[in-house]
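Undergrad: Submitted below is the structure of interest, expressed as structure tokens.
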Amino acid sequence: MLGLRNEILQQGTFAPRAHLEGIDLPKNFQLPSLQKVGQDAVKLAKIKREGGPEEIQSVFMTSTAKTRGKGIPMTEPERYNVLLPDLFRFGYFAHTSDVPDSLLEDVIFVLKMFIRVMEESSEDQLRAMGHILPNQKLEVGKYFILTNARYKLCVHLLKPKIDRPREAIPFLKISVETDSERLTAKGKVPWVENPFLFSLYAEALVFAGEYAEAKPMLGRVLEAAERKKDLNFGGTIIRTRIHLAQVLLQLGEEPEAQKEHTEYAVKFLRKNPKILSIQDLMQILTRTDQPTHPVLEAIGGLTWLEERRNTARADERQAKQCRNCGIREPQKTLFRCAQCQHIYYCSKECQKANWKMHKESCKETAQSRERAEILKAINPDKGRKAADWIEWRNAPHEANTFALAHALGVRRDPSRGRTHILLRQVEYVPRAKDIRYRFRVSACGVYRIADILTDIEKLMGLDPGEGREYIDGLLEELDNSSVGTDKVPLLDLTTGTGIETWLGSMAIHVDKLRAMPYDPDWRKIMNRGVISDQLKLVSGAKDVEHVFD
């Protein structure tokens, strides 16, 4: 329980989410608390030590005509289900990315037991236990429940912390076969309709060294990516290409295609060194039970993995996504908005759909660029400073992303993304070669927006009341685009001598925020190790970085 307690404390107010594919859960649906789940985990350990859940033999009565009033002896998985209701409920309903590390093995165990319950129990038993609802058809209910349970189980089994692909393969195989039969009967292409299932199965086969079986599955994943242009599939594409480089090499087949996949993967990883986590890259490229991976060899071996660094251009490529639909490269080629040169779109249709929300900030950014160009002709140094400022403030480097998240405390309380703002004063560092370090944050502070609206209006030259309108407009723009879906907004107001005051906005995905441990030294992130001063406002508003309601 100590490990779980520490994870709960670190997690802050991020409660685990309930999620099922293909099923809309009620809005008021709640998972059991982690404390209750932890208590069941302790009980599970005790049961295992004592040899099994033997103390319960029959605990429910059926009401069907054939067995009314008769107790039904329970199987082993059913007894576990009854003894550990909170752990079973949590394992089945919890989003796979929200299961604490200390509960992974317990969740894997109960998901296996739950699958057995659904496969081995009679209709009377399933209805008596509440797994099949009164008005629900048995086959329909079993299909959706087993599909979700098997998929979640396999996601957990393939996590780098667990990495047991051979355990996952039988569950994935039956899911693929079931889905293929069902979708083919409807005239649909299974891997196009459910590409992530096929991707998971292909990856398990690769990790297990089953290269011949993996090859056609990987090909289907790439086919799905080609046909599903509306699907955000970028990370899966690069993983699939990396796998194909290994599979084709070990099979000794299609040398030209093998070379193409290797070169593609190496080029993409060099340009986007942190597109995959170090844990994922280690799991894919450094498997001790398999031959040296050709992509690892071609990219520079373990040295590259240990020393990989994001450049300013890599930061930009990693942040690129369509402002309207959220699609990323390489799924689709993106283009910049021609006017502001800051926002990306995947198509003219998406650009048009987003124009209502983007037009004001687009106009302001374009005007800033025009003023910078005019200033260059009059005073090259001032003009360069103005142009550098536009580039720095719009760049997705850590000072404008992760440092903001740490400063605003949104991991502990995501609602602060809408109620708090980071104010910064910056100094120009013209000799810095890297644009990320061309401005240094000399002073900063975290404030409640409601406390400093007059400060914001004075700094931005706005009329009374316009500060709130301006901020609400930025939040509305994020809310009305796919970029803002499942994301937490981050706001900052930055000023400095000889530069335009800038009210910036961006959003960070909840999953990334959950996986990012809080860094109290976020000021060092902004300034390459140098701590900025505490900002003092004329209004006397207090810094509330560490004040949580």
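Undergrad: Would you give the gap between the C-alpha center of region 184-241 and the C-alpha center of region 87-144, rounded to a whole Å?
TA: 26
Undergrad: Expressed as a whole percentage, what fraction of the accessible surface of region 199-248 belongs to carbon and sulfur atoms when a 1.4 Å probe is rolled over the protein heavy atoms? Show your work: numbers first, answer last.
TA: Working: 750 of 1590 Å².
Ligands and nucleic acids excluded, carbon and sulfur give 47 percent.
Undergrad: Related question: List the aspartates and glutamates whose Cα sits under 20 Å from the Cα of residue 43, skipping any in the same chain fewer than 8 residues away.
TA: 7, 54, 55, 76, 78, 86, 101, 105, 106
Undergrad: Here's another thing I want to ask about it. Hey, got the dipole for the chain? About the Cα centre, +1 on K and R Cβ, -1 on D and E Cβ, debye to the nearest 20? Please report the intermediate quantities before stating the final value.
TA: Working: 83 positive and 76 negative charges, 128 e Å.
With Lys and Arg at +1 and Asp and Glu at -1, about 620 debye.
Undergrad: If you don't mind, there's one more thing I want to ask. Set the Förster radius R0 to 51 Å, insert the Cβ-Cβ distance between residue 178 and residue 495 as r into 1/(1 + (r/R0)^6), and round the FRET efficiency to 0.05.
TA: Between residue 178 and residue 495 the formula returns 0.30.
Undergrad: Follow-up question, since we're still on this one. Rolling a 1.4 Å sphere over the protein heavy atoms, what is the accessible area per residue of the chain, to the nearest Å²?
TA: Accessible surface, normalised per residue, equals 50 Å².
Undergrad: Mind checking which aspartates and glutamates have their Cα closer than 13 Å to the Cα of residue 271? Skip sequence neighbours fewer than 8 apart in that chain.
TA: Cα-Cα hits under 13 Å: 263, 315, 316, 329.
Undergrad: Working only with C-alpha atoms, what are the Rg and Dmax values of region 288-443, expressed in angstrom?
TA: 19.3, 65
Undergrad: Also: Expressed as a whole percentage, what fraction of the accessible surface of region 314-447 belongs to carbon and sulfur atoms when a 1.4 Å probe is rolled over the protein heavy atoms?
TA: That share works out to 49 percent.
Undergrad: Filter the trypsin sites (Lys or Arg not before Pro) in region 253-315 to those in DSSP coil with at most 13 other Cβ atoms within 10 Å of their Cβ, and list the result.
TA: Values: sites: 259, 267, 270, 271, 274, 287, 308, 309, 313; in loops: 274, 287, 308, 309.
Listed in order of number, the matching sites are 309.
Undergrad: Quick check: residue separation of residue 274 and residue 515 times 0.36 nm, minus the Cα distance between them. What number comes out in nm?
TA: 85.3 nm
Undergrad: Rounded to the nearest 0.05, what FRET efficiency do residue 360 and residue 307 have when you use their Cβ-Cβ distance and R0 = 45 Å?
TA: Values: r = 42 Å, r/R0 = 0.94.
Working from the Cβ atoms, E equals 0.60.
Undergrad: Okay, next question. For the chain, what does the helix formula give at 222 nm: sum of -39500 (n - 2.57) over DSSP H segments with n ≥ 4, over the residue count, nearest 500 deg cm²/dmol?
TA: Calculated from helices alone, the mean residue ellipticity at 222 nm is -16500 deg cm²/dmol.
Undergrad: Can you pull the Kirkwood radius for region 296-388, inverse mean 1/r over Cα pairs, to one decimal in Å?
TA: 15.8
Undergrad: In region 113-266, what is the count of Lys pairs whose alpha carbons are under 22 Å apart, counting only pairs at least 8 residues apart or on separate chains?
TA: 19
Undergrad: Based on the Cβ-Cβ distance of residue 76 and residue 376, what FRET efficiency does E = 1/(1 + (r/R0)^6) give at R0 = 56 Å, to the nearest 0.05?
TA: 0.15
Undergrad: Return an integer: the convex hull volume of the alpha-carbon atoms of region 139-272, in Å³ per residue.
TA: Numbers: hull volume 16.1 nm³, N = 134.
Per residue, the Cα convex hull of region 139-272 comes to 120 Å³.
Undergrad: Averaging sequence separations of C-alpha pairs under 8 Å and six or more residues apart, then dividing by the length of the chain, give the relative contact order as a whole percent. Working shown, then result.
TA: Numbers: 738 pairs, mean separation 52.8, N = 549.
Over the chain, the number comes to 10 percent.
Undergrad: Say the dipole of the chain comes from +1 at the beta carbon of Lys and Arg and -1 at that of Asp and Glu; which of 122, 333, 377 then lies farthest toward its positive end?
TA: Value computed over the given set: 377.
Undergrad: Quote to one decimal, in nm, the extra length available between residue 433 and residue 547 on full extension: 0.36 nm per residue of separation minus the C-alpha distance between them.
TA: 37.3 nm
Undergrad: Separate question: Please compute the contact order of region 474-549 in relative form: average sequence separation of alpha-carbon pairs under 8 Å and at least six residues apart, divided by the residue count, as a percent.
TA: 20
Undergrad: In straight Cα distance, which lysines are under 23 Å from residue 536, not counting same-chain residues fewer than 8 positions off?
TA: Correct list for residue 536: 458, 524.
Undergrad: Ok, one more. Rounded if a/c is under 1.5, else prolate if a/b is larger than b/c, else oblate: which is region 175-217, with a ≥ b ≥ c the root eigenvalues of its Cα gyration tensor? Present the calculation step by step, with values, prior to reporting the outcome.
TA: Values: a/c = 2.68, a/b = 2.46, b/c = 1.09.
Since a/c reaches 1.5 and a/b is larger than b/c, the shape of region 175-217 is classed as prolate.
Undergrad: Mind checking Rg over Rh on the chain, alpha carbons, Kirkwood formula for Rh?
TA: Dividing the radius of gyration by the Kirkwood radius yields 1.01.
Undergrad: Also, I was wondering about something else. Checking the a/c ratio against 1.5 first, then a/b against b/c, what shape does the Cα gyration tensor give for region 434-549?
TA: On the way: a/c = 1.41, a/b = 1.03, b/c = 1.37.
The shape class here is rounded.
The values are calculated or read from the model by the stated rules, or taken from the named source; none is laboratory data. Predicted, not measured: the structure shown is a model, and the values here were computed from it. For neighbour counting, all protein chains shown are included, and Cβ atoms are generated from backbone atoms with ideal geometry for every residue, glycine included. Ligands, DNA and RNA are excluded from the accessible area calculation, which covers all protein heavy atoms including side chains. Shrake-Rupley method; radii C 1.70, N 1.55, O 1.52, S 1.80 Å.
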